[in-house]
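Presented below is the structure to which this report refers.
Quick note: the coordinates plus some simple rules give every number you see, no bench work behind them. Everything quoted here is computed from the prediction, not taken from an experiment. In this analysis, Cβ positions are derived from the backbone assuming ideal geometry, glycine residues included, and neighbour counts consider all displayed protein chains.
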Amino acid sequence: MSTATTPARAAAARAKKTEPEAAAGAAVLKALWARPAARKLLILAAAAAVLVPVAAATHGSGTWPSAFTVDLTKPLTGASDWIIDNRDSHWAFLYFFGHVSGAIIGAVHAVYTVLLALGWAGVTATAALLAWRVAGARVAVVALASFAACGLLGMWVPTMRTLALMIVAVAVSVAVGALLGLAAGLSDRTFRALRPVLDTMQALPAFAYLLPVVLVFGIGVAPAVLATVVYAAPPMARLTALGLRSTDQGVMEAVESLGATGRQRLLTARLPLARRELLLGVNQTIMMALSMAVIASVIGADGLGDRVYQALSTVDVGSALAAGIPIVLLAIVLDRTTAGAASPRSSRTTARTRRATAWAAGVAVVAAAALTAGAKPWPDTWTVAIAAPVNTAKDWMVDHLYTGIPGIGGTADLAAHYTAWVLDPLRDGLQALPWWGALLLVAALAWLIGTWRTALTAVLSLAAIGVLGRWELSMDTLSQVVAAVAVTLVLGFAIAVPAARSPRVERLLRPVLDVFQTMPQFVYLIPVVALFGIGRAPAAAAAVVYALPAVVRIASEGLRRVNPGAMESARSLGATSGQQLRQVQFPLARPQLLLAVNQAVVLVLSVVIIGGLVGGGALGYEVVFGLAQGDLATGLTAGVAIACLGLMLDRVTQPTKGARDGA
Amino acid sequence: MARKTMMAASALCVLAAAATATGCGAADMTKQASPYADAAGTKTVTLSVQSWVGARANTAVAKYLLEHELGYRVDTVQVDEVPAWDALSQGRVDAIMEDWGHPEQEKRYVEDKKTIAPGGDLGVTGHIGWWVPKYFADAHPDVLDWRNLNKYASQLRGPESGGKGQLLDGSPSYVTNDKALVANLGLDYKVVFAGSEAAQITQLQQSAKEKKPFLTYWYEPQWLFNEVPMVEVKLPEYTQECADKGTKDPSTVNCAYPTTPLKKFLNADFTRKGGKAARFLKNFAWSKKDQNAVAQMIAEDKLSADEAAKRWVKENPDVWKKWLP
C-alpha cells in the first residue's frame, strides 16, 4: 500500500513546485520540515556541524585515522598456526569438526555411489521421471535433453560429482533453513533477531566465506559443502518464515475453533498453507547452491567447478564453456522442476492409485534403463568436443574487436579510457574523501531511503572497515562497484524499457537472461581479459554482464506492472511516449527500480571481488592472496571488510526496509 | 504432504548413513579422503594439479600412465600451492608433482609432523626472473641490465601502474619477492598482479601481438617462450647471504631468484600403502624438453590434457618405461 502512495505524493509535491513560488523565509524552512527527507537531512546536518569539527581537529581529514585501527595480523596468524598444529589431536577437531566433516564426506560418497550405480541411463531416466511427476511433461523433456547434453559434452563424471555435492548441500541447506525459518515463523522475537543475520548473509559475496572454512576443514568437499550451506540456507529460512507468518488469520481462527492443538495447527494448516513459499525457498536455495558450487572449486570442491577453474589456467574459454554449460543446464532443470512444483496445478486431484501406478511404471523404466545400459558412466565415443570451435570463435572476436575499430578504437582503448577517465578519478576522489565525510555521506544516503536503523548499520559497517585497516583498499573496491553499477543501470534500464513494452522482445530476451544469470562467473573472466586486458576494467565488464540480467528482469517487471489506468489516462492527456515513460512509468515503478539498483549493487560487488583473479586488485586480490598463500590474517581481514562493504552498500540501497519495518 | 515426509525420511537416511560411516569415536579429519575416491570399486589416486601448465603436463602424463599401464583411476584437483601442501598432509591428495620450494611448509609437514614424504626430483630445474620480449630487447639491448630499467619506466607504463613502469606479476599464489625487489633496488616501477596466470598469459600474448614492450615476472620452463620469445633481465646476483637474509625477513631481498631443482612430494601414508602407484610416482622424472612438449600441446594447441599425454607417451616409450615399477 505505502509503496503506491509515496510516488504519488512525490508527484504531487513536484506539481506544487511548478506553481509560482511565493513562499519565503521561515515558510520555506517549515515546508522543508514537513518533508521527511529534508527533515532527516537537517537533523544530520546539525549533528555533523557539532561532530565534524571535533573529529577533524583531533584526527585530521584524510584517510581513516590510524589511532582507530586494530591490527589483527598477530592473533590471526597465531590462531591459524594453532589450528594447523592441533588439527589432528585436539578434542574439538576429533570429536566435533571431524564428525561433521566425516558425515558430509560419507553422505556425498553415498549419493555419488548411487548415481554411479544408476549409470547414465538410470540417472537420466530418474531425472526425467521426477521432472515429469513434479512439473509436467515439458520439463521432463528439458531434463532428458539437459542430462544428455551433459554427457555429450564429455562432462558426465564431473556433472555427477557436482550433482552429488549439490544434493547433499541442498538437503542440509533446506533442513537448516527450514528449522531456522520455523523458529522465526513461530516466534516474533526469533524473527526479529534472525532477520538482520539473514539479510547480512545474503548481501555477502560468496568469496568472503571460503577462507575460514578452509582453515578448519582443510581443502576438499566438506568445506565446500559447508560454505555452500552458509550461502544457500538464508533464502529457505527467510521464505519459510514469510510463509508461516502470512497465514490467513481467518483460516487460523477457523482451525482454532475446531479445537486443534498447536502442533495440529502447524501441521495441518500453517505448513500446508505456506507450501508455495516453502517450495520457492527450496528453489532459491538450489539456485544459490549451484552458483556456489563453482566458487567452491577454489577450495577443492571438484566436479564441474573444478573443470571451469582448470580451464581458466590454460586460458581455454572453450573448455570452460564446456564445463559451464552443464551447470547452466542443471540450473535450468532444477529451477523449472521446483518452480513447477510450486505452481498450483489441476492434476492435484489425480487419484492415488493412478499416481502410484505412474510411479511404479517410472521406477520400472529407470531400473530397466540402468540394467540395459549397465552401470557405466557416459560412453566416451558419444561426446562432442566444442572447445576448439569456441576458442576459434573467441580468437576471431578478440582479433577484430581488440583494436582498430574505426571511430571508437577497440575494446583495449575502451578499457583504457574507462580506467583513466572513470575509475581513476572516482577512486582518487573516494580515497581523498575525509573519513568523517564518507561516514556522513553514507549516513545521509542510507537514512534518506531507509530508517535511522539502516543508516546506523551502514555507518557502523563502514567504520568497521576503517578499524580493520582496510580503508584505502575498500575505497578502491567501492569505486569499482559504483562505476560498474552505474554502467549496469544505464544498460539495464535501456534494455528493460523495450522489454517492458513489447512482449516479443521480452520473450526473445528471456532465455538469454537465463543463461547469463546461471553461467558461473568464472567463465566470464577469461574472454573479458582477452578483450579488455588485465586490471579493473575486465573485472567491471564481467560484473556488468553478470548483474545485467537481474536488473533487466526486475526493472522490466516493474515497468510492466504499472497500473494500466494510469498509463491510459496519461495517453488520453496526449503525453508522448517519452513523457509517459518519464512522468508515469518511472515514478510509479520506483520501488521496483530501486530494488533493481539494490540487486545490481549486491551482484556487482560479488563479481568485482572475483575480479581479483584478473587484476582487479583491492580487496578481491587480498582474498585471493589469502586463499592462495594460506594467509589467514590477510584473507580473513579482507573477507570481513568485503562483508562490511556489502552490508553498507545493501543498506544504502534498500528502500523497502522502512516499509517492511512498518508492516 | 507425502513429499514432505519423503524429504524428511531421505534427510534422516543421510544422517543415519553418515553416523554409521563415521562411528561415534574420535574422527580424525586429517585421515579423511575425498568422497569420490575408490567409488565403484576402483583404486583411485588423487593428484594435485597446480594452476600453471607445466604442472598440468606432469600430472597429465602421470595420470595417463597410471590409468593405462597400471590400471588405477586418477582424479586431479586444482589447488593453489600452499593449500596443496595442507591437502597433501591430510591425504586429500596423494601427490604434488612439482614444487618450487616452500621451506616453511617443508619443515612443518616433512620434518615435524612427518605427514608428507619427499618424492624425489622431477628432473626439471626451475628458474624465476624478470623478462622482456625479444623484440624489445633487440631494439634496446641495455634494458637487460636492471640498472637501466628506470630509463624505460615511461615506456612500460600500464593503466594500473599509476604513472610508474609496470612489472606484471601473475597469480598471488606464486613464489615472488618482486615488491621487495622493486623497493630495495630503487626502481620506478609498480608491481601489478594479474591475479591469475591465465590473465597474465592473455595479457602477454595480446601485447606480443601488437609488439608492445612489457616487463614481466616469469619462469622457466614455460611453454609461452615458444610463442612469445623473451629475454631475461639481469638482476643482482643471487647469493647465499641474500637468501638467508630473505628467509628471515622477506622484505629485505635485493638479489635475483635462485635456480631450483623442482621436487615431488607424496603423502606419507600413501608412500607406505600406495603400492605400485607410489613407486611409479617416485620414479617419475623427465626433462624440461619433455615437459614443454606436453605443456605446449595442452596450452597452445588446445589439446585436452589426456590427448596430449597420449601423444607424448606414444612417441617417448624409452623415457617412461623406466618409471614403471
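For region B:32-137, the calculated P(r), taken from all Cα-Cα distances in 5 Å bins from zero up to the bin holding the longest distance, is 2, 11, 19, 21, 19, 12, 7, 4, 3, 2, 0, 0 percent.
When the C-alpha to C-alpha distance is required to be over 22 Å, the pairs from B:LYS113/B:LYS179; B:LYS263/B:LYS288; B:LYS114/B:LYS322; B:LYS263/B:LYS310; B:LYS263/B:LYS321; B:LYS113/B:LYS322 that qualify are B:LYS113/B:LYS179; B:LYS114/B:LYS322; B:LYS263/B:LYS310; B:LYS113/B:LYS322.
Neighbour counts of other Cβ atoms within 10 Å put A:VAL497, A:VAL54 in the fewest-to-most order A:VAL54, A:VAL497. Three principal axis extents describe the C-alpha atoms of the protein assembly as shown; from largest down they are 89, 77, 59 Å. For chain A, the 222 nm mean residue ellipticity estimated from helices alone, with every DSSP H stretch of n ≥ 4 adding -39500 (n - 2.57) and the total spread over all residues, rounds to -25500 deg cm²/dmol.
Extension gain, A:TRP91 to A:ALA364: 0.36 nm times the residue separation minus the Cα-Cα distance gives 93.5 nm. When the square roots of the Cα gyration tensor eigenvalues are ordered a ≥ b ≥ c, the ratio a/c for region A:431-562 is 1.5 or more and a/b does not exceed b/c, which makes its shape oblate. Computed from phi, the 3J(HN,Hα) profile of region A:42-59 under the Karplus parametrisation 6.51, -1.76, 1.60 (θ = phi - 60°) reads 4, 4, 5, 4, 5, 4, 5, 4, 7, 7, 4, x, 5, 4, 5, 5, 7, 10 Hz, with x in place of Gly and Pro. Label positions at A:LEU460 and B:LYS179, each projected 7 Å from the Cα along the C-beta direction, are separated by 3.2 nm. The local environment of A:VAL562, defined by Cβ-Cβ distances under 13 Å, has a net charge of +4 under the rule Lys, Arg +1 and Asp, Glu -1.
Neighbours of A:VAL294, meaning other residues whose beta-carbon lies under 10 angstrom from its beta-carbon, give a summed charge of 0 when Lys and Arg score +1 and Asp and Glu score -1. Extending 7 Å from Cα along the Cβ direction at A:SER572 and again at A:ASP81 yields two label points whose distance is 8.0 nm. Estimated at 0.36 nm per residue, the fully extended path between A:VAL54 and A:ARG39 surpasses their Cα-Cα distance by 3.0 nm.
Place a point 7 Å from Cα of A:VAL512 in the direction of its Cβ. Which residues in region A:477-498 have their backbone N less than 17 Å from it? Within reach of a label on A:VAL512, which here means backbone N under 17 Å from a point 7 Å along Cα→Cβ, region A:477-498 contributes A:488-498.
Test of understanding: what is the full-extension gain from A:ARG189 to A:SER61, defined as 0.36 nm times their sequence separation minus their Cα-Cα distance?
Working: separation 128, 0.36 × 128 = 46.08 nm, distance 4.17 nm.
Here the segment from A:ARG189 to A:SER61 would lengthen by 41.9 nm.
Summarising the amide proton neighbourhood of B:VAL74: residues at separation of 5 or more, or on other chains, whose placed amide H is nearer than 5 Å comprise B:VAL45. Using only Cα atoms, locate the centre of region B:209-241 and the centre of region A:186-238, then give the distance between them in Å, rounded to an integer. Centre-to-centre (Cα) distance: 44 Å. With helices as the sole contributors, chain B gives -11500 deg cm²/dmol at 222 nm; each DSSP H run of n ≥ 4 counts as -39500 (n - 2.57), and the sum is divided by every residue. What does the charge count around B:GLY101 come to, taking other residues whose C-beta lies under 13 Å from its C-beta (Lys +1, Arg +1, Asp -1, Glu -1)? With Lys, Arg at +1 and Asp, Glu at -1, the net is -3.
For B:LYS264, a cut-off of 13 angstrom between C-alpha atoms picks up these aspartates and glutamates, skipping any fewer than 8 places away in its own chain: B:GLU81, B:ASP94, B:GLU98, B:ASP99, B:GLU106, B:ASP121. Calculated on the Cα set of chain B, radius of gyration then Dmax: 23.1, 79 Å.
Note on region B:246-309 and region A:110-127: Cα centroid distance 36 Å, given to the nearest whole angstrom.
Taking other C-beta atoms within 10 Å as the exposure proxy, A:LEU645, A:LEU266 rank A:LEU266, A:LEU645 from fewest upward. Distance from the Cα centroid of region B:127-162 to that of region A:506-578 is 43 Å (rounded to whole angstrom).
Taking the longest Cα principal axis of chain A as reference, the axis of helix A:590-610 is set at about 70 degrees.
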